[in-house]
Amino acid sequence: MDLATYDYDKLISAKLDELKQAGNYRYFAKLERQAGQYPQARCHGVGDRDVSQDVTVWCSNDYLGMSQHPKVREAMHEALDRVGAGSGGTRNIAGTSIYHVELEEELASLHAREGALLFSSCYVANEAVISTLAKALPGCILLSDELNHASMISGVRQAGCEKHVWRHNDLEDLERILKSLPASAPKIILFESVYSMDGDFAPIGAICDLAERYGALTFCDEVHAVGLYGPGGAGVAAQQGEAQRIDLITGTLAKAYGVMGGFVVGSAAMIDLVRSYASSFIFTTSLSPVLAAGAGASVKHLRHCEIERARLHRHAGLTKNSLRAAGLPLMETPSHIVPVMIGNARCARAITDALLAEFGIYVQPINYPTVPRGKERLRLTPGPFHGPDRIAEITQALSTLYESHKVELEAM
């Protein structure tokens with residue numbers, strides 16, 4: 001029997017063409033960030049378009065510009081000269097350095113927990129912690145907010161246990177599900193403290209109330225909050241006085257802290273369980289000690305300095321006020337994240353292309369599957385160095401572009 005012959009490249013190209021026709025194909029901007037001049041960068045092109053221009057970055061998750069901070073850069077240089085570039089292995093086999101241990105101790109102290117564990121990213125941390133903990137608890141049931149990050153969804157899938165998705169921040173829906181479950185079954189409620197696309201907060205205290213009432217553990221992703229909120233940057237849960245009611249908190253070292261990596265904090269037993277059973281921790285080369293050193297310096301600095309946080313929140317407020325006054329379709333949020341609604345993928349791409357070409361402002365459009373179709377947006381992240389002049393520039397640029405696309409936008 002003859003085997004069928006397929007033109008695999010043709011099939012794959014057709015799938016890519018679908019993305020391009022829908023306006024959801026992702027083009028990468030080739031940026032050369034300029035140390036000490038954040039948020040300035042040199043753009044060397046987008047996708048296959050070669051350009052060379054100075055730009056102001058308005059969409060980075062390097063929220064506080066800590067990747068540029070002298071203390072962080074100095075710590076990384078010192079570690080590089082002291083121990084070299086790589087870790088040399090997995091954490092179990094020669095890959096645990098003094099920098100890993102010190103950073104884990106610093107993170108446990110920041111969150112007032114017995115233990116902490118480092119990962120190469122918080123995506124990996126979320127996958128590993130959720131799936132490992134759920135598999136360790138016989139008959140475990142997972143309850144996940146519908147807007148949870150892809151990494152948490154992946155962890156739920158890998159767990160392979162019973163799961164329920166509750167409507168975003170809807171406490172009545174969450175309690176309805178909890179009531180329907182066996183009282184004796186282990187349960188874990190999964191949520192984020194700050195939702196990165198809509199910029200809203202979770203009702204943390206109320207979620208913890210329900211968890212205690214129905215015998216559930218709580219897992220909170222504070223990726224978009226650590227370093228930015230709470231005493232010493234411990235997060236939104238700490239700011240609200242609820243942190244110690246949460247069983248496991250995950251966070252990143254790649255956003256507010258400006259470096260790379262992820263972590264989880266919790267009880268000694270829970271951290272040891274993940275350390276001992278999570279495949280993606282056990283079989284992965286550990287984070288470079290250079291990165292661990294830089295992250296440690298950033299965490300220590302932000303535990304004792306409020307300057308960067310205060311400026312970020314002030315500039316976020318000024319940006320919202322400016323966009324609102326200009327009549328732009330601002331999505332109101334209580335956090336530092338500033339979404340501007342567009343509602344069409346092609347239009348979002350056209351506006352961001354024009355922002356770059358005509359105004360030297362780099363913003364990446366947020367399209368499906370990051371947000372639902374019809375909810376496409378620009379996601380602005382003003383930081384400590386996006387002062388009044390830059391805020392006025394982007395407001396004027398967006399006002400001009402929205403006016404030029406007015407007919408198209410009103411037709412949606």
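The values are calculated or read from the model by the stated rules, or taken from the named source; none is laboratory data. Everything quoted here is computed from the prediction, not taken from an experiment. Methodologically, a virtual Cβ is constructed for each residue, glycine included, from the backbone with ideal geometry; neighbour enumeration extends over all protein chains shown. The protein model used for the area step is the full one, side chains on, heavy atoms only, and it has no ligands, DNA or RNA in it. Shrake-Rupley method; radii C 1.70, N 1.55, O 1.52, S 1.80 Å.
Numbers for the structure displayed
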read-out: Label point distance in nm, Glu403-Ser267, each placed 7 Å from Cα along Cα→Cβ; value: 6.2 nm
read-out: Two-site label geometry, Thr284 and Asp353: point separation in nm, points 7 Å out along Cα→Cβ; value: 3.6 nm
read-out: Region 246-294 - percent of accessible surface contributed by carbon and sulfur, probe 1.4 Å; value: 60 percent
read-out: Estimated FRET transfer efficiency when R0 is 41 angstrom, pair Asp17-Glu162 (beta carbons, to 0.05); value: 0.60
read-out: Over region 93-203: Rg over Rh, Cα atoms, Kirkwood Rh; value: 1.02
read-out: Flagged links, alpha-carbon separation over 30 Å, of Lys30/Lys71; Lys255/Lys375; Lys15/Lys320; Lys20/Lys135; Lys163/Lys300; Lys187/Lys320; value: Lys15/Lys320; Lys20/Lys135; Lys163/Lys300; Lys187/Lys320
read-out: Residues Ser184 and Asp54, FRET efficiency given R0 of 56 Å [Cβ-Cβ distance, rounded to 0.05]; value: 0.35
read-out: Accessible surface, per residue, of the chain when the full set of protein chains is kept, probe 1.4 Å, Å²; value: 45 Å²
read-out: Projected label distance in nm at Glu78 and Ile93, using a 7 Å step from Cα toward the beta-carbon; value: 3.2 nm
read-out: Kirkwood Rh and Cα Rg combined as Rg over Rh, evaluated for the chain; value: 0.98
read-out: Fraction of alpha-carbon pairs over 23 Å apart in region 165-303 - percent; value: 41 percent
read-out: Viscosity 1.567 mPa s, temperature 4 °C, Stokes-Einstein D of region 272-393 from Kirkwood C-alpha radius, µm²/s; value: 74 µm²/s
read-out: For region 31-185, Kirkwood radius (reciprocal of mean inverse C-alpha pair distance, Å); value: 19.9 Å
read-out: Percent accessible area from carbon and sulfur atoms, region 72-160, protein chains only, probe 1.4 Å; value: 53 percent
read-out: Length added when fully stretched, Glu332-His313, from 0.36 nm per residue minus Cα-Cα; value: 5.4 nm
read-out: Candidate aspartates and glutamates for bridging to Lys179, where Cα separation is under 18 Å - those fewer than 8 sequence places away on the same chain excluded; value: Asp145, Glu162, Asp170, Asp209, Glu212
read-out: GNM top mover of Asn344, Asn126, Asn321 - the chain, alpha-carbon springs below 10 Å; value: Asn321
